[in-house]
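Undergrad: Please find one structure pasted underneath; my questions will follow.
The values are calculated or read from the model by the stated rules, or taken from the named source; none is laboratory data. This is a predicted model, so every value here is computed, not measured. With ideal geometry, Cβ positions are generated from the backbone for all residues, glycine too; neighbour counts draw on all protein chains shown. When the accessible area is computed, the model is the full protein with side chains, heavy atoms only, and any ligands, DNA or RNA have been set aside. Shrake-Rupley method; radii C 1.70, N 1.55, O 1.52, S 1.80 Å.
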Amino acid sequence: MLNWLKERHDRGRTARELYGSIVTQARLAPFYALLGVPDTPRGRFELIVLHTALVMQRLQQEGPEGIALARTLGETFVTDMDDNMRELSFSDLAVPREVKKIAAALYDRHKSIAAALDAVPADSDPLAEALARQLAYLQPEGASGIDTKRLARYTRDAAAGLSRQDAALLASSGPAWPMTIEK
């Protein structure tokens, strides 16, 4: 039984470290300055969700241990969002309802991004279209909008880099994110 507790503690620590690197990556200025993602709580949320979904997708390719770590990473994300809502003075009655929405958004984006990455583009870019649908609510009507084509290119590069990264290195050193956002 003590081994189970130690494994669970280690997995939780690894998930928190992975989540920290995800948040750091999602806060990089080029997403906001170059790609037009609004630098607002909702814009930052969407980029954290995007990066979390990419790492979860990669971890799930590693069998039962990777699936368990991906689940713990998802739980770490939800816990962080819960903590942030409480700090922002959401009412105690509203937090559980909002947490359900946030968890649903993570798993919806994860499923959508995975399907779009697996799709073979024909005349259109399924990933850019999926991102445009998911992020449309961030832009007021008439605004210039988010460059979803460049964001899709970045997302593909990030997914490809993660797929090439050794799982043990991913867990110990964090995700190998693309160095730049291409034009």
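Undergrad: At a 10 angstrom cut-off on C-beta neighbours, averaged per residue, how do the peptides 100-108, 124-132 rank from highest to lowest?
TA: Averaged packing, sorted descending, gives the order 124-132, 100-108.
Undergrad: Hey, another quick one. From the phi of every residue in the stretch 16-25, what ³J(HN,Hα) in whole Hz does the Karplus formula 6.51 cos²θ - 1.76 cosθ + 1.60 yield, where θ is phi - 60° and glycine or proline is x?
TA: 5, 5, 4, 5, x, 5, 5, 5, 4, 5
Undergrad: Among (1) 1.34; (2) 0.97; (3) 1.02, find the value of Rg/Rh (Cα atoms, Kirkwood Rh) that was calculated from the structure presented, and write down its label.
TA: Matching entry in (1) 1.34; (2) 0.97; (3) 1.02: (2).
Undergrad: Ignoring ligands, DNA and RNA, what percent of the 1.4 Å accessible area of the stretch 30-183 is carbon and sulfur?
TA: Its accessible area is 54 percent carbon and sulfur atoms.
Undergrad: Could I ask something else about it? Under a 1.4 Å probe, what is the accessible area of the stretch 65-125 per residue, stated in Å²?
TA: Solvent-accessible surface per residue comes out at 61 Å².
Undergrad: Below 12 angstrom from the Cβ of A114, what's the summed charge of the other residues (Lys, Arg +1; Asp, Glu -1)?
TA: Surrounding charge for A114 is +1.
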